[in-house]
Ligand SMILES: C[S@@+](CC[C@H](N)C(=O)[O-])C[C@H]1O[C@@H](n2cnc3c(N)ncnc32)[C@H](O)[C@@H]1O
């Protein structure tokens, strides 16, 4: 049987009976894909791992708690034989052969009539890698090839132009806090497919250097806006480039909807009738404290965290923040865009009841090579910011979580 290469095929298992014999690690690894394919899975096994049991409890598979019996495979379209008893496996495989049911053998690939390829998914395609014969099977090698292909498609180093399903219009992509590894897989793929990228100053700027030369990269801060507002000029640029039939990525720092004005861009595109895809990003409000060793919540310390913009002072009439109410909270406050106003913010919090000893940390340029953390308290933070010359961008964390995980002084 092993003289010829395997014939690759995609089984459409929706609603079709698949019998799995054995509820151990092999079943645990294979069942999710069978369930995702819509198969009507019957598991026959006296025992199962907790994850497999959970799938049965959730109704994703049917579990018959007994050893394999002759006849179990009669109605199957496909079978996975993975019990710990080689004799039962051989008997079941003979039954599969009698009923002409394609079957995978976990214990003996040579005796199987089907092999499971190493699979991965990217951008609507499944990559499946098989070795050509059972004797040459090297699962680690096939998995490595699968990983190389999937990873290459995801990060754009393997370029496979779309001819039918290129994402039209504009993708509003949250690029994460700065480390190029912290963009989502989807964001990175869309970036690799873009004709035009309009990028902010914050976010994963290093990724721009990797783009092929034909991609037009526009610095959002440098779009001339004449009599219009800067944001209107950005909205216009998005609309103009998309109208030329180009794939446009609007690359933003963090998440597009956390102080990112993302919705204004979505609305402008909707008004212009241009399709827009929003790709969430990892927000600096959580990731930057985390990168500096500060959890925004911690059991027994903080049961809430509040993310606030500090771009206007607490007494500024444009401020929409109820600072006295925030001062009464006991949880964590995360302040973005607050370096310039931190003195007034700290004063207001103390004036309305927060202890002056409340720990504060400022994390500048988080997740990048230039990341640094400066610690203070509400009483000292204004002076510390000046003395340490803390500059934006920085995330300011106020609350007892700052002290969690901080090495004890001395
Ligand atoms: C206009 S807001 C955008 C926030 C972004 N949409 C997000 O979800 O992270 C910009 C502020 O985010 C914070 N910020 C963003 N990236 C940062 C980083 N890498 N390190 C420190 N602060 C950062 C700073 O407070 C900065 O002033």
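The values are calculated or read from the model by the stated rules, or taken from the named source; none is laboratory data. Note that the structure is predicted; figures quoted are calculated from it, not measured. Using ideal geometry, Cβ is built from the backbone for each residue, glycine included, and neighbour counts are taken over all protein chains shown.
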Yes or no: the range 53-69 includes at least one residue that is at pLDDT below 95 and exposed (fewer than 14 other Cβ atoms within 10 Å of the Cβ). no
Here the residues within the range 299-322 that are within 11 Å of the ligand (Cβ to nearest atom) and out of contact with any helix residue (DSSP H, G or I) (no Cβ under 8 Å at 6 or more places or on another chain) are 309, 311
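Could you list all residues from the range 310-334 that are over 15 Å from residue 400 (Cα atoms) and touching a strand residue (DSSP E or B) at 6+ places or on another chain (Cβ under 7 Å)? Lay out the reasoning, then the answer.
Narrowing the range 310-334 to residues over 15 Å from residue 400 (Cα atoms): 310-325.
Within the range 310-334, 310, 321 qualify.
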I'd like the residue in the range 354-387 that is free of Cβ contacts under 8 Å to residues at least 40 places away in the same chain, in a loop (DSSP other than H, G, I, E, B) and within 16 Å of the ligand (Cβ to nearest atom) and, out of all such residues, is nearest to residue 179 (Cα to Cα). 369
Against the conditions (1) surrounded by 14 or more Cβ atoms within 10 Å (Cβ to Cβ); (2) closer than 23 Å to residue 120 by Cβ; (3) out of contact with any strand residue (DSSP E or B) (no Cβ under 6 Å at 6 or more places or on another chain), where does residue 45 fall short? Just the number, please. (2)
Looking at 339, 390, 296, can you tell me which residue is in a loop (DSSP other than H, G, I, E, B), out of contact with any helix residue (DSSP H, G or I) (no Cβ under 7 Å at 6 or more places or on another chain) and not assigned by TED's automatic domain parsing to the domain that holds residue 203? 390
Looking at this structure, is residue 200 surrounded by fewer than 14 Cβ atoms within 10 Å (Cβ to Cβ), within 22 Å of the chain's Cα centre (by Cα) and modelled with pLDDT of 85 or more? no
If I filter the range 389-410 down to residues being touching a strand residue (DSSP E or B) at 6+ places or on another chain (Cβ under 9 Å) and at positive phi, which single residue comes out as modelled with the highest pLDDT? 399
Report whether or not residue 330 is more than 16 Å from the ligand (Cβ to nearest atom) and modelled with pLDDT under 95. yes
Going by the structure shown, is residue 240 surrounded by fewer than 15 Cβ atoms within 10 Å (Cβ to Cβ), within 19 Å of residue 224 (Cα to Cα) and away from the ligand (no atom under 16 Å from the Cβ)? yes
Check off (1) over 20 Å from residue 332 (Cα atoms); (2) within 9 Å of the ligand (Cβ to nearest atom); (3) crowded, with 18+ Cβ neighbours inside 10 Å for residue 268 and give me the number that stays unchecked. (2)
Considering only the range 18-117, give the strands (runs of 3 or more DSSP E) lying wholly within it that have at least 1 residues that are touching a residue at least 12 places away in the same chain (Cβ under 8 Å) and over 30 Å from residue 144 (Cα atoms). 40-44, 62-64
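Tally time: how many residues in the range 211-226 are part of a strand (DSSP E or B) and more than 25 Å from the chain's Cα centre (by Cα)?
First, pick out the residues of the range 211-226 that are part of a strand (DSSP E or B): 216-219.
Imposing the further condition that a residue be more than 25 Å from the chain's Cα centre (by Cα) reduces the set to 216, 218-219.
So the count comes out to 3.
In this structure, does residue 253 turn out to be crowded, with 24+ Cβ neighbours inside 10 Å and under 19 Å from the mean Cα position of the chain (by Cα)?
Working: crowded, with 24+ Cβ neighbours inside 10 Å: yes; under 19 Å from the mean Cα position of the chain (by Cα): yes.
Yes; evaluated as a whole, the condition is true for this residue.
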